[in-house]
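Encoded as structure tokens, the structure appears first; notes follow it.
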Amino acid sequence: MSQISQPGHRPVSRPHGVAPSRLARWFWLANHKDAGAAYLVLAAIMFLVGSGLSLVIRSELFAPGIQFVDPAVYNQVVTLHGLIMIFGGIMPAFTGFAVMMLPAMIGAPGMAWARLSGPVFWLLPLAVVLLLSTPWIGGGAPQTGWTMYPPLIMQTGASLPVFIVAVCVTALSGFISSANVFVTLIRRRAPGMALLRMPLFGWTWLVTAFLVMAVMPVLAATMLMLGADRYLATDFFGGPDGSALLYQHLFWTFGHPEVYIMVLPAFGLVSTIIPSFARKRLFGYNSMVYATVSIGFLSFMVWAHHMFTTGLPLPAELFFMFSTMIISVPTGVKVFNWVATMWGGAMTFEAPMLFSTAFVVMFMVGGFSGLMSSLSPVDFQYHDTYFVVAHFHYVLVPGSIFAMTAALYYWMPKWTGVMYSEGLARLHFWWSVVWINVLFFPMHFVGLAGMPRRIADYNTQFTDFNQVISLGAAMFFLGQFLFVYNMGRCLARRGPAALARPWDGARGLEWTLASPWPHESFTQGARVDARELAKPD
Amino acid sequence: MTHLSRHWRVVSAVASVIAMLGVFRPARAAWQMNLGRGVTDLTHQLWTLHMVMLAVCVFIFLGVCVVMAISIGRHRRARGVTPATFDESIGLEIAWTIIPFAILAALAIPGASTLVALADTSDADVTIDVTGHQWLWEYRYPNTGVHFYSRLAADSRRAELGVDGTRPADVSHYLRDVDHPLVVPVNAKVVLNITSSDVIHSWWVPALGGKTDAIPGRTNHKWFTADAIGTYRGQCAELCGRGHAFMPIVVKVVSKADYIAWIKARGGQAPAAGALPDARADGPDYAALARQERLTRSQAMTLGRHVYQAECAACHRNSGAGMPGAGYPALTASPVATGPIARHIDQVIHGKKAMPAFGGQLSDAEIAAVVTYERNALGNAVGDMAAPDEVGARR
């Protein structure tokens with residue numbers, strides 16, 4: 001089956017057989033490795049910016065009283081921290097992993113719409129620059145947090161249209177890049193790679209891409225309705241009949257699937273890494289696929305659990321409570337399957353496995369606080385407190401971001417041909433795992449004790465825990481430079497050479513390539529060996 | 001069976017430890033780690049739901065962690081093991097889909113019934129219109145003509161701005177104090193009609209229950225019946241702009257007489273004497289009863305009913321009918337509530353299966369009272385009584 005020329009598997013990065021100029025290469029990003037790298041670099045920069053914003057928050061909250069920033073500025077920092085982390089960090093990072101790895105994992109030479117990658121990618125830095133410019137435009141950025149609720153957002157000054165355009169541009173970029181991933185996964189799998197044989201990262205991205213395509217138009221439309229209310233004298237969200245609530249329904253129609261957009265790819269990464277280091281196939285591949293699809297489906301039916309305190313009618317409260325509780329069933333299946341994958345294996349704990357194991361444990365913490373919040377009557381107490389802040393940060397930081405960290409350690413040897421320093425990586429792991437809990441765990445306590453989220457200043461009873469939290473934030477942040485240094489060494493090609501398959505238990509077509517992998521791969525189609533499949537026949 | 005009940009003992013022990021960490025340290029509010037129990041029947045119910053859910057989550061979490069830890073200990077290459085080759089087990093996969101589903105169903109039912117109770121805003125004794133503004137609260141008592149605004153207290157404001165070197169630690173209740181608190185009578189059903197004039201706010205006093213959003217153009221309703229006189233503090237819980245952290249809520253729960261006096265002092269028309277529920281007006285002093293070493297039968301039944309509604313009714317229902325379908329048995333004619341009294345007392349102290357151990361949270365008098373109540377109400381008429389010293393002896 002090797003070297004079969006397949007329709008649609010033409011070499012993509014050199015149209016007309018001419019080497020592109022450097023400018024053209026980085027504009028079109030037609031090579032999926034270039035495109036993936038561009039996304040990951042952008043995400044890395046944005047994680048740094050977003051973390052910087054969070055350090056402003058943690059500095060201000062180190063003690064009661066206003067010390068560093070005016071509450072109005074504080075609110076803007078809160079808004080930008082959320083948006084930058086979500087639209088600048090997590091989503092581009094997962095897109096980066098998808099564009100970088102999925103073609104290689106399914107034996108394709110590149111993305112389906114190769115030359116669309118570049119223009120779509122470059123929308124993101126544009127959007128981010130617009131977003132980050134809003135604090136300096138008359139009146140500053142919206143003070144609403146990332147949820148951008150009206151009527152409050154209508155009090156934003158001249159930056160509102162810039163802000164709306166920025167969010168719409170990220171939505172557009174996300175939509176097209178996800179469509180590209182979706183089509184690639186459907187159309188470009190090498191012969192022999194049936195859908196139900198594909199690596200689970202492909203499956204989780206297939207569902208993620210579907211969710212992104214479904215909800216980004218909702219986000220963009222909602223933003224445009226805000227703009228119309230401001231500039232076209234419409235009254236979508238400003239009417240006298242409480243129609244501000246309409247915004248919340250629309251926003252969370254986007255916002256809840258968005259939660260899964262930010263975590264499903266992490267499930268895929270961890271489901272790829274744990275089997276490699278357990279030297280055992282993923283347990284329950286089929287049920288993992290079904291669980292992923294059910295989570296994607298259910299994610300459209302739970303949006304109003306973000307709105308339990310808005311005065312929903314009783315039947316709606318009941319419906320959204322039940323539907324939210326049910327979503328924990330497929331999520332539980334995933335966790336149990338990961339543990340069952342480890343069970344009976346011959347495990348080693350290199351950095352990717354360490355971070356994946358920590359992911360499973362700490363994602364559970366975030367999952368359980370989510371389950372607690374699903375109980376609507378009790379959520380009346382949890383809602384809009386630090387308990388919720390703890391909940392979603394556990395899901396996103398030791399959840400999604402730990403999965404990405406694991407994936408970078410896992411694939412960096414393939415990309416650069418150089419092994420990272422395992423000693424430094426272990427130090428990075430233990431440092432991170434300790435401080436991340438110092439950072440986020442006490443948020444449960446202050447939240448339950450009654451500290452609302454998004455406040456610039458607090459009652460003195462919350463001081464002690466907030467100081468612990470701020471300390472954790474600073475230490476966790478500092479520790480990440482170990483990671484930056486370790487990855488930087490690989491990128492500078494300093495370190496021992498990596499084998500083509502540096503992890504002896506790893507399966508997947510990407511490991512059949514040399515290390516570092518060639519700039520062009522699988523241009524003549526891939527040979528799919530059953531041993532490399534996530535699920536054998 | 002013993003195996004199972006040992007597990008549940010672990011669950012309730014964990015719940016009790018967490019409860020003790022969080023709740024029984026009023027002197028050190030600074031390190032409060034858990035939800036407070038509040039001062040209404042509903043907040044007690046919420047608290048119980050919260051603790052049961054927390055215990056279930058901690059139990060499953062620890063269970064998964066233990067299995068994983070065993071695996072990490074045993075199944076590593078360094079021990080020279082050969083990896084197993086299994087990669088599925090239909091039985092296991094079905095089990096860990098069905099069992100969580102059943103656990104969730106058992107939790108959803110009491111959750112739903114509490115939700116129904118939260119939504120019942122009928123039969124108000126006192127109605128107050130609440131309007132959120134950037135950044136203060138407006139209160140209007142429609143039938144009395146009393147109307148006022150409630151703003152951040154001046155000394156908190158000075159400390160926030162650092163005027164004359166005032167620091168947050170120098171003022172009492174920094175950012176949780178107002179110039180004019182809301183005043184309501186104890187043991188009366190207070191219904192709040194909550195709205196906003198500008199952006200969305202959220203009215204929240206944790207001890208009186210959850211949040212209710214104040215949304216312009218819309219009126220949301222919230223009710224509470226505070227069962228203890230005192231001052232309860234909270235704040236706006238929905239980001240509402242620059243002053244979001246600076247619009248606290250203070251509610252003073254006072255006796256019926258003090259409430260009427262306050263209305264008059266504010267130039268309002270006091271409600272007729274019969275407008276507030278007399279029987280409940282100043283209520284029995286449950287806290288004093290809970291400390292007594294001896295209880296008369298009527299004291300035991302009064303305190304017992306109070307404890308029952310706060311701690312037991314979320315699962316066993318007000319009527320004692322329980323929710324057998326969800327695994328919460330009826331108390332009416334139950335073997336425990338009509339059998340030997342010692343076994344009944346033990347179960348309340350130590351818990352059983354899904355039932356938490358109440359020994360750590362309830363006083364001897366409260367346990368004696370609730371046992372007496374369960375045996376002589378809810379359709380039971382055993383006739384005997386538990387005494388506080390008997391409870392003390394069985395701890």
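Here are the numbers for this structure:
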{"item": "Hits in the stretch A:247-278 (condition: more than 14 Å from chain B (Cβ to nearest Cβ) and over 30 Å from A:PRO217 (Cα atoms))", "result": "A:THR272, A:ILE273"}
{"item": "Top-ranked residue of the stretch B:197-211 - restricted to ones that are closer than 19 Å to A:HIS306 by Cβ and of a type outside the set (D, E, K, R), ranked as nearest to the other protein chains (Cβ to nearest Cβ)", "result": "B:GLY210"}
{"item": "Answer from A:PHE392, A:PHE336 - the residue that is more than 10 Å from chain B (Cβ to nearest Cβ) and either closer than 21 Å to B:ALA237 by Cβ or part of a helix (DSSP H, G or I) (or both)", "result": "A:PHE392"}
{"item": "Which numbered condition A:PHE62 fails, given (1) away from chain B (no Cβ under 14 Å); (2) part of a loop (DSSP other than H, G, I, E, B)", "result": "(1)"}
{"item": "Condition check for A:ARG281: in contact with a helix residue (DSSP H, G or I) (Cβ under 7 Å, 6 or more places away or on another chain), surrounded by fewer than 24 Cβ atoms within 10 Å (Cβ to Cβ), away from chain B (no Cβ under 14 Å) and farther than 24 Å from A:SER323 by Cβ", "result": "no"}
{"item": "Members of the stretch B:61-95 that are facing another protein chain (nearest Cβ under 7 Å), among the charged types (D, E, K, R) and not in a loop (DSSP other than H, G, I, E, B)", "result": "B:ARG76, B:ARG77, B:GLU93"}
{"item": "Count of residues meeting criterion [within 15 Å of A:ARG230 (Cα to Cα), among the aromatic types (Phe, Trp, Tyr) and assigned to a helix (DSSP H, G or I)] in the stretch A:134-189", "result": "1"}
{"item": "The one condition in (1) at the interface with chain A (Cβ under 7 Å from one of its Cβ atoms); (2) out of contact with any helix residue (DSSP H, G or I) (no Cβ under 8 Å at 6 or more places or on another chain) that B:ILE98 fails to fulfil", "result": "(1)"}
{"item": "Residue check, B:ARG280 at pLDDT below 95 and within 12 Å of chain A (Cβ to nearest Cβ)", "result": "no"}
{"item": "Subset tally (residues that are within 20 Å of A:SER54 (Cα to Cα), aromatic (Phe, Trp, Tyr) and surrounded by fewer than 24 Cβ atoms within 10 Å (Cβ to Cβ)) for the stretch A:397-434", "result": "1"}
{"item": "Output for the stretch B:342-395, where each listed residue is within 21 Å of the chain's Cα centre (by Cα), under 20 Å from B:ALA55 (Cβ atoms) and either among the aromatic types (Phe, Trp, Tyr) or part of a loop (DSSP other than H, G, I, E, B) (or both)", "result": "B:GLY351, B:ALA354, B:PRO356, B:ALA357, B:PHE358, B:GLY359, B:GLY360, B:GLN361, B:LEU362"}
{"item": "A:GLU532 being away from chain B (no Cβ under 14 Å), closer than 28 Å to A:PRO398 by Cα and buried (at least 17 other Cβ atoms within 10 Å of the Cβ)", "result": "no"}
{"item": "Filter pass, B:HIS173 being in contact with a strand residue (DSSP E or B) (Cβ under 7 Å, 6 or more places away or on another chain), under 22 Å from B:THR231 (Cα atoms) and within 10 Å of chain A (Cβ to nearest Cβ)", "result": "yes"}
{"item": "Flag if A:PHE349 is part of a helix (DSSP H, G or I) and farther than 23 Å from A:LEU196 by Cβ", "result": "no"}
{"item": "Residue within the stretch A:435-448 that is surrounded by fewer than 22 Cβ atoms within 10 Å (Cβ to Cβ), polar (S, T, N, Q) and closer than 30 Å to B:GLU238 by Cβ present", "result": "yes"}
{"item": "Residue identified as farther than 30 Å from B:GLY209 by Cβ and in contact (Cβ under 8 Å) with a residue 24 or more places away in the chain among A:LEU375, A:LEU408", "result": "A:LEU408"}
{"item": "Filter result for the condition that a residue is at the interface with another protein chain (Cβ under 8 Å from one of its Cβ atoms), out of contact with any strand residue (DSSP E or B) (no Cβ under 9 Å at 6 or more places or on another chain), closer than 23 Å to B:VAL58 by Cα and not small (Gly, Ala, Ser), over A:PHE445, A:PHE441", "result": "A:PHE445"}
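The values are calculated or read from the model by the stated rules, or taken from the named source; none is laboratory data. From a predicted model like this one, the values you see are computed outputs, not experimental measurements. With ideal geometry, Cβ positions are generated from the backbone for all residues, glycine too; neighbour counts draw on all protein chains shown.
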